[in-house]
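Everything on this sheet refers to the single structure shown next.
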Amino acid sequence: MVHEKPAEELCINNTFLKSVLAISLSGQNFITSLFIELKFALSRLSTLFKFMDAYYTIEEKYLRAVDKLSYGKTTKGLKLLNEIISNDPLYARAHHQLGMIYYYEIKDYQTAGYHFKTCMELEPSFPDNYTHYLDLLVFLNMEKLVNTVSVKALNTPGADTAGIYDLLGLFYEKNKQWTKALEAYQKAFMEVTENAEKIEIELSLKRVRSKMKQTQAYTYQVKD
């Protein structure tokens, strides 16, 4: 025999279920509302960051890029420098830093040369660019540009004169022009002020003199 539940009990159960359902729906609505508010807050924060980024002057952004590079954060520095060039293609020092990255880090010598050359043309009085640009040209053995850039460098106040002559010595040595190499290294020796660099130049002078003697001995033997 089936016993039916009293109407009062059924009413209580229905009321309880409705309450549970209402609480559940209320919780879902709260989570949905919270999610919407969070999404809105993140959107406003993103807008704020973009505004702050736009607020930075070119110089401030450049200093940020240099700071990133000094801590080895090449990717972030590269991004900032490309942003600078995008906004101001004539900002010479950003080209210099890009040249450094492409030469020493990425090993893309053509792109590095483009940025070094652009920097030199835009700001010829900026001395730091010459040593690295000339280093690249000596490495690539580009004689005409080596001669042109080295002359400009040696006539630029603040340029590393000892470093320029040292690179010229290396260029002539690579091309077996011993007399010119010796002359350039001697000039570098007279300009150098750092002990470590002085020792390196002395070794270069010794190396070239040794090669000159070897060449002379070989020439003498051939004549005999």
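Quick note: the coordinates plus some simple rules give every number you see, no bench work behind them. The structure displayed is predicted, hence computed values, not measured ones. Don't worry about glycine lacking a Cβ; one is built from the backbone with ideal geometry, like all the others, and counts go over all protein chains shown.
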Calculated diffusion of region 97-224, Stokes-Einstein form, Kirkwood radius summed over Cα pairs, 10 °C and 1.306 mPa s, µm²/s: 102
When a/c is below 1.5 the answer is rounded, else prolate if a/b is larger than b/c, else oblate, so apply that to region 151-204 with a ≥ b ≥ c taken from the square roots of the Cα gyration tensor eigenvalues. oblate
Among Y62, Y71, rank each residue by its count of other Cβ atoms within 10 Å, from fewest to most, as a rough exposure measure. Y71, Y62
What list of ³J(HN,Hα) values in whole Hz, one per residue of region 91-101 in order, does the Karplus curve 6.51 cos²θ - 1.76 cosθ + 1.60 (θ = phi - 60°) give from phi, with Gly and Pro shown as x? 7, 4, 6, 5, 5, 4, 5, 5, x, 4, 5
extent check for region 59-104: Cα max minus min per principal axis, descending, whole Å, gives 25, 22, 13
Non-local amide H neighbours of D160 (under 5 Å, H modeled in plane, Pro and chain starts lacking H): which ones? T131
Among 129-137, 73-81, what's the highest-first ranking by average C-beta atoms within 10 angstrom per residue? 129-137, 73-81
Give the relative contact order (percent, whole number) for region 95-212; include only Cα pairs under 8 Å separated by 6+ residues. 17
If you plug each phi of region 177-194 into the Karplus form 6.51 cos²θ - 1.76 cosθ + 1.60 with θ = phi - 60°, what whole-Hz ³J(HN,Hα) values come out, in order, with x for Gly and Pro? 9, 4, 5, 5, 5, 4, 5, 5, 5, 5, 5, 4, 4, 6, 8, 5, 10, 9
Which of L63, L167 has the fewest Cβ neighbours within 10 Å, and the rest in rising order: L63, L167
Long-range share for region 129-175, i.e. C-alpha pairs more than 14 Å apart as a percent of all pairs, stands at 36
Dividing the Cα convex hull volume of region 56-150 by residue count, how many Å³ per residue is that? 88
